[in-house]
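Taking it in order: structure first as C-alpha cells, then the write-up.
Coordinate-derived values only; no laboratory data. All values derive from a computational prediction rather than experimental measurement. Every residue, glycine as well, gets a Cβ built from its backbone with ideal geometry; the counts of neighbours run over all protein chains shown.
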C-alpha cells in the first residue's frame, strides 16, 4: 500500500503534450516489447474499432472508460491506439509520477497526467475537462479507480468520470459539439498450461502458510481451501468472530465492516457501516486520514497510527474484491488465473508473469453525454449506462475462455 500512497504533499503533474512520441511509439510497436516482457502479453485483438474512429472523425470530445482487471491495462490500451490510430491523454494515480525521474518522464511523454486519489483534485478535473472540450485526443479514465484481478466481474464505478464528462458537455454544447463515452471491455485469455502454472503458484503459497503441498489434491479444491485459509487468518488477526454456517460473501462483508466501521465512526462520524461500494468508502477515509500525514504535520506516533489505519482500508479493499463463487459458477481457466494472481498479490505484494496471454479490447457503442443530470436521480444515468455496456460486453467475452477440464470442486 505504501507504494500507492506517497508521503509528501501532492502537486499536480501535467502531461507532455507533444504528439509525435506517442504516435511514434505506438506506430512502430515499441510498447509491445514492454508488455510482452513485463506482463506476458503475446497476442491481442481489437474489436469494433470503427466505433471509435467514427467518433474521432466526427470531432467529438471522447472519453474512454475501460474495466480495470490488471495493472497491464493502461499499456494494453496502446494496441487500440495503434489500430484506431489515435493518441490519448490518461488520468493516472500520482504514485506513478513518484517512481524515478526517467519513469515520470516516460509516463508524462505518453500523455498521462496525475490525479490525487486521496483528495479533491480540482487541477486534475479541470485538465480532464479541458481535454474533452478541446477534443484533440481521447481521454482515458479507469472508472473503477483500482485494479480488481477479475476479468469477468465489474467493480463499483466511481462518480468522477460522469461529472467530468457532463462538465465538458456543457461547455461543448454552446457550440453544438458533443462529448461521447466509449466503454472498453478488456479481457485476458490465458493460453498456457493451467495445471502446471497453478501448481507452481499454489505450491509456493501453501509453503508460505507452512503447509505441505500435495499436487494430487484436485486443483479447484486447493484453490478454495487456500482462499478460506487466507480469510480465516485475517479473522483471527483482527479478532473477528467466526461465522459458522455463513457463506464466504457474508464472512467477507463482516470482515470489511469490522475493518472499516471503526474508522468511519472516528473520521466521518458514521453511526453504522457506510454504503456506496468499497472504493468510495476507502477514498472517503483516505481523504480524511492522509493529508496531514503527507504534509508532515503530525508526530511519529500519530503517523504510525494513521499508516496502520490506511493499511486497514487497503486490506478491506483486497477482501472485498473477491467475487462470490467466482471460480465455482464458471470454472474457466481465466477465472482460475485471476484468483491465483490475486492470492499471490495479496500474500506477497506481487504476482509472477505467466506469459502466453492474449488481450482483447472491445470498443463499446458511443454514449452521448447529456450536459444535464436529472435532479433527484438515485444514481448517475451516465455511469449506469457505462456500467450496463461494460457488464454486457464482459458477460459475452467470458464465454471465450477455455473451461477447466479437471475435477470441479464438489464433484465426486
Taking 0.36 nm per residue of sequence separation and subtracting the Cα-Cα distance, how much length would be gained by fully extending the chain between residue 209 and residue 295, in nm to one decimal?
27.1 nm
If you line up the Cα atoms of segment 121-261 on their principal axes, what length do they span on each, largest first, in Å?
67, 42, 25
Which three semi-axes in whole Å describe the equivalent ellipsoid of segment 314-412, each the square root of 5 times a Cα gyration tensor eigenvalue, listed largest first?
32, 18, 15
Segments 183-193, 295-305, 17-27 sorted - mean Cβ within 10 Å per residue, highest first:
183-193, 17-27, 295-305
For every helix of n ≥ 4 consecutive DSSP H residues, a contribution of -39,500 (n - 2.57) applies; sum these over the chain, divide by its total residues, and give [θ] at 222 nm rounded to the nearest 500 deg cm²/dmol.
-16000 deg cm²/dmol
Rg and Dmax of the chain over Cα atoms: what are they, in angstrom?
21.8, 68
If each residue of separation counts as 0.36 nm, what is the full-extension length gain between residue 199 and residue 19 once their alpha-carbon separation is subtracted?
60.2 nm
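Which percent of the Cα-Cα distances in segment 133-200 go past 18 Å?
Pairs farther apart than 18 Å: 56 percent.
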Find the Cα radius of gyration of segment 13-114, compare it with 2.2 N^0.38 Å by division, and give the number to two decimals.
1.07
So residue 177 and residue 101, fully extended at 0.36 nm per residue minus their Cα-Cα distance, gain in nm 23.5 nm
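Once the convex hull of the C-alpha atoms of segment 194-348 is built, how many Å³ does it hold per residue, rounded to a whole number?
On the way: hull volume 22.0 nm³, N = 155.
Value for segment 194-348: 142 Å³ per residue.
If you take the beta carbon distance between residue 120 and residue 275 as r and set R0 to 25 Å, what does 1/(1 + (r/R0)^6) give as a FRET efficiency, to the nearest 0.05?
Working: r = 21 Å, r/R0 = 0.83.
It comes to 0.75.
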List the residues of segment 156-197 whose backbone N lies under 12 Å from a point placed 7 Å from the Cα of residue 58 along the Cα-to-Cβ direction.
177-182
